[in-house]
């Protein structure tokens, strides 16, 4: 078993003490104190003598960072996704990459459905309306929204989060369609889901919720053509990855009321630019990538990231290793 106490670990953001304290007991830990991610030059310098990195999605761990870190054994990403890490280069250099799946599934699904409800019933818009002193009386035509109960929900991607959103939709009596690269026959039977092609899903759904990873195939998966297939009363929800949607096209469709509304927790550029035209529209809700932001879930993610990291430093293959093809090479490279 490898010795961890002498290992050097760089953590790219402050984490709850319940997660950091066990790490500090087992290794020499340096933590970036800023709210914003460490600048590339700092990350490069810190990685140079690190045995392990604990990173977030906002930290770009590219080939240059990896090449500058000859001692690096593991990159523990505190997220489900890991498109911020050059996994291929890490594997080539016998470095394990880990993630934190499962722990945030229920919390993210809760938030996706919260966005769906808020956009459908114009909750954020109504709050602004009230605070601005525009509420004069009850009126039969004021802030009319879309019903959620008995509506059709289209899920683009039926992974862990997508399936949990489908479960929540059942409580509202919704008809749930889904499209995924893989048919989920067991889930279809158990939860009454209907598999359809993407075009049919977009045309028939009152609400479309995205739950796909960011890949070359899903980049701008929802663009001009796809938006044109949606109902003018439809609502688009995105808690997956910002680049899955062409934001310029989304802005045009929302501005021209060719779809009713959208609610996004992710954007192509994060944080979204202050002059982004989406911010001028009333019929979109934009939140700052907080779908997993509950106290319990973020603590669980931090603990899982630490557990992954410590396992690798002990010479054990972490449960949530995403590049298992590199394990044999990694084992050969372990210090003796």
Out of the range 285-299, which residues are farther than 16 Å from residue 105 by Cβ, touching a residue at least 60 places away in the same chain (Cβ under 8 Å) and either over 14 Å from the mean Cα position of the chain (by Cα) or assigned to a strand (DSSP E or B) (or both)? 285
In the range 300-315, how many are without any contact (Cβ under 8 Å) to a residue 24 or more places away in the chain and surrounded by fewer than 20 Cβ atoms within 10 Å (Cβ to Cβ)? 1
Would you confirm whether any residue within the range 96-110 is touching a residue at least 60 places away in the same chain (Cβ under 8 Å), assigned by TED's automatic domain parsing to the domain that holds residue 62 and more than 17 Å from the chain's Cα centre (by Cα)? yes
Can you name the residue in the range 16-42 that is touching a residue at least 40 places away in the same chain (Cβ under 8 Å) and closer than 24 Å to residue 68 by Cβ and is also surrounded by the fewest Cβ atoms within 10 Å (Cβ to Cβ) among such residues? 27
Scan the range 81-104 and give yes if some residue there is touching a strand residue (DSSP E or B) at 6+ places or on another chain (Cβ under 9 Å), surrounded by 15 or more Cβ atoms within 10 Å (Cβ to Cβ) and more than 27 Å from residue 241 (Cβ to Cβ), otherwise no. no
Criterion (modelled with pLDDT of 95 or more and not assigned by TED's automatic domain parsing to the domain that holds residue 270) met by exactly one of 42, 80: 42
Within the range 192-249, residues part of a helix (DSSP H, G or I) and over 29 Å from residue 82 (Cβ atoms) come out as 199, 200, 203, 204, 224, 225, 228, 229
Scope the range 153-189; condition without any contact (Cβ under 8 Å) to a residue 60 or more places away in the chain, part of a loop (DSSP other than H, G, I, E, B), surrounded by fewer than 24 Cβ atoms within 10 Å (Cβ to Cβ) and in contact with a strand residue (DSSP E or B) (Cβ under 9 Å, 6 or more places away or on another chain); matching residues: 172, 174, 180, 183, 184
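The values are calculated or read from the model by the stated rules, or taken from the named source; none is laboratory data. On a predicted model such as this, the values are computed, not experimentally measured, just so you know. So basically every Cβ, Gly included, is an ideal-geometry build from the backbone, and we count neighbours across all protein chains shown.
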